[in-house]
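This report concerns only the one structure given below.
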Amino acid sequence: MPDSELLKSLKAQLDFFDSGGYGHTYRSSWRPTLVIRDSPLCLNAIFTTARPCRECLLFSMVPAEKQNLLLPCHHIPLNESGDTIAKLYESGSQEKLDRTFHNWLCTTIKILQSKEATMSTLEISTAISFKNILFLTDFTEASIPAYAYALAFGKKFDARLYPAHVVIPFVPTEAEYRVAPDLRTQQVEAARKRITDLFAGSGANYQGLVAEGSVEAAVPDWTAKHGIELIVTGTHARKGVDRFFLGSTAEEIFRTATCPVLTVGPHVEPVNKAEFKINRILYATSLTKGSEPALAYALSFAQEPDAELTIMHVFDDDVEIHPDPRVAEELAWQKIRGLAPTDAGLAHRPEFIVTQGDVAKKIVEFANRELPDLIVLGLSPNQKTSTHFQRGIASKVISAAPCPVLTVR
């Protein structure tokens, strides 16, 4: 029996119940209809020809010794006390029956939804593998830590690396016009040589890529052509503006890429590929659908033997959104605890954090204090590139974090 079919039927039953489908609301003192039997959940309430109860979606919930009775579904335990519809019809009030059955519906639906979400997450997390990695370099100092992480990830996942550079076209002067094609060829060849020199002796399986034009145009083309599953890039530190400023090119890449992006910020030190391990992961979630795909990657990394996972949610002080912070915090705790199922294959039970304040600052404060090896963030698929005055949380975290940030759209 597929759980999805049962979940759909139970939701329909709950809607039927809440809309007064039995003739009265569930607070009524009496109604002449039978619970389940006179609802869309029952096969014999839908089909004109009698159907055996064994074909019902609820039949597997009936205790074996009760399955041959006239109405097996009336003997399904509804709570820890063992109350059933049949028992409550005999000795309980209609109000108690209604409330007990209503609570059972809500609880069972939540369990099935959680199970469905867990299975979806586990299916995604077990399939995660980076076999083709694009490493973007401009040959500046900012690319050095990113180069080290590209090699480390390539070694860890036995991946093929695609070190890539974009040659920015120049506008020739009148004197240069005749030799412009030769100058462009020289630029491209010089870039190819620098890539070869950079990876010589690295032991990496790689193929250099060089394009002319813009990074924003080249990345989607390379991603599609080479089946890229991860992009690794660095970003420049901009002094004198503020510590949360991120270069527009790097931000454009992680906000528009169709695969995860590992951005190595200006405060990240190079890593030794031979000693590289991801033992501490911070997954910061907004508890929205936009952050869900990133959870699968965090869980996948946390399946390593020595890995420790922290799942954090930060809600802000906006009283219009959260008129009662205590209610918002309690709801967040309920949601966040369900993100890491016990059967997810994790080495250690995750640490859960719910706090309040500026989201980016709280994430960076934790990272500077606890020094995770990786921060994982989810991005909304509809989120556009931020402007200088409307910078997003991801760019702020990347600009100040002491470790790389993996963003997933």
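The values are calculated or read from the model by the stated rules, or taken from the named source; none is laboratory data. Computed from a prediction, not measured in an experiment: that's the story for all the values here. Neighbour counts run over all protein chains shown; Cβ positions are idealised from the backbone, glycine included.
For segment 188-217, the set of residues classified as among the small types (Gly, Ala, Ser) and part of a helix (DSSP H, G or I) consists of 190, 191, 217, listed by residue number. Looking across segment 349-377, just one residue is at pLDDT below 90 and touching a Pro at 6+ places or on another chain (Cβ under 9 Å), and that is 356. Please identify the pairs in which a residue from segment 188-214 that is in the same structural domain as residue 228 (by TED's automatic domain parsing) has its Cβ atom under 7 Å from the Cβ atom of a residue that is part of a loop (DSSP other than H, G, I, E, B), counting only partners at least 6 apart or on another chain. Close Cβ pairs (under 7 Å, with a partner that is part of a loop (DSSP other than H, G, I, E, B)) amount to 192/208; 194/139; 195/208; 196/208; 212/169; 213/169. Restrict the check to segment 240-248 and report whether at least one residue is at pLDDT below 90, buried (at least 19 other Cβ atoms within 10 Å of the Cβ), among the basic types (Lys, Arg) and outside the structural domain of residue 398 (by TED's automatic domain parsing). Checked against the condition, which is being at pLDDT below 90, buried (at least 19 other Cβ atoms within 10 Å of the Cβ), among the basic types (Lys, Arg) and outside the structural domain of residue 398 (by TED's automatic domain parsing), segment 240-248 yields no hits at all.
Yes or no: residue 135 modelled with pLDDT under 95 and either surrounded by fewer than 15 Cβ atoms within 10 Å (Cβ to Cβ) or not charged (D, E, K, R) (or both)? It would help to see each step written out before you state the result.
Working: modelled with pLDDT under 95: no; either surrounded by fewer than 15 Cβ atoms within 10 Å (Cβ to Cβ) or not charged (D, E, K, R) (or both): yes.
So residue 135 does not fit the description; no.
Give 298, 307 a once-over and let me know the one that is modelled with pLDDT of 80 or more, more than 25 Å from residue 392 (Cβ to Cβ) and of a type in the set (Gly, Ala, Ser). So the residue among 298, 307 that is modelled with pLDDT of 80 or more, more than 25 Å from residue 392 (Cβ to Cβ) and of a type in the set (Gly, Ala, Ser) is 307.
Only one of the numbered conditions (1) at pLDDT 60 or above; (2) closer than 16 Å to residue 105 by Cα; (3) more than 34 Å from the chain's Cα centre (by Cα) is not met by residue 57, and that is (3).
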